[in-house]
Amino acid sequence: MNIREMTDKAVYELGLEVLLDKLGHAGRLRFLGQCKPCTGDYTAERHKWIDDTPDVKTIVKRIQEKRKRKLTTPKNINDMSDIEVYELGLKAISGKLGPLGIVRFVHLFDTDKDTYAAELHKRLDKPNNR
């Protein structure tokens, strides 16, 4: 499989298939819901993140607790946070499609919210619209 020779429609369908296999229906919908253009004020949000950053001891403790939980049992998709679902979905897609494929797959969702559903089929039907 050469990702460079695949049409956007083939990349899209393969990406959806991988997400379904790895995350199930609900997880795939949660993943796709997060593949939207970014909006907001990054600078203001960044200052909030920095202000809420815990000290080093707290961070180390959280990492150790998370490692212990990972060693016990894998999480059910319903118990995962949105970012965990997103990371798992990206990992699954990149494992199947590689770096170029994941960029192309996620790029298909980078559209205006109002026209996304109505226009998606038009973009997918175009041959290799990279």
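FYI, it's all coordinate maths here, none of it is from the lab. Keep in mind the model is a prediction, meaning the values are calculated, not measured. For neighbour counting, all protein chains shown are included, and Cβ atoms are generated from backbone atoms with ideal geometry for every residue, glycine included.
Counting 0.36 nm for each residue step from Q34 to D21 and taking away their Cα separation leaves a gain of 2.9 nm.
Among I93, I63, the order by Cβ neighbours within 10 angstrom, fewest to most, reads I63, I93. Placing dummy labels 7 Å off each Cα toward the beta-carbon, the span from H47 to D82 is 2.4 nm. For D52, the shell of other residues with beta-carbons less than 15 Å away shows a net charge of 0, using +1 for Lys and Arg and -1 for Asp and Glu. Here D52, D21 are placed in order of increasing Cβ neighbour count within 10 Å, fewest first, which gives D52, D21. Spin-label pair K68-V106: with each label point 7 Å from Cα along the Cα-Cβ axis, the two points sit 3.3 nm from one another. Legend: distances between Cα atoms for K48/K68; K61/K96; K48/K91; K68/K91; K57/K96; K9/K91; pairs beyond 26 Å are K48/K68; K61/K96; K48/K91; K57/K96.
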